[in-house]
Every structure is written in structure tokens, then in C-alpha cells.
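K.L.:
The structure is given below, and queries will be raised subsequently.
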Amino acid sequence: MPLVIEMQVKLLFAYGVRNRLFGFGIVYFYVDMTSSIGRCLL
């Protein structure tokens, strides 16, 4: 039983890290897009 709990914790941790990285990726993509549009307009 403890092994199953340990695996679930590891899966949750990996999922959280991946979501955080994915969220940062979206933020960086958005900032890059807006700065590119700003340069085009200027």
C-alpha cells in the first residue's frame, strides 16, 4: 500500500511541475507575441 501512495505522490508532483512549466511557457509565448506586435506597430 505505501508503494502505491508513493507512486501517486510522484505522479502528482511530476504533473504539477509539468503544469507549472507549461504555464510559464504560455506566459513567455504571450510576452514574446506582444513584444513582436509592439515592434511591428512601432
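K.L.:
What's the angle, to the nearest 10 degrees (0 to 90), between helix 2-41's Cα axis and the longest principal axis of the chain?
P.N.:
0 degrees
K.L.:
Once all Cα-Cα distances of the chain are split into 10 Å bins that start at 0, what whole-number percent is in each one?
P.N.:
Cα pair-distance distribution for the chain, in percent: 27, 26, 19, 15, 10, 4, 0.
No value in this document is a laboratory result; all are computed from the given coordinates. Computed from a predicted model, the values in this text were never measured in an experiment.
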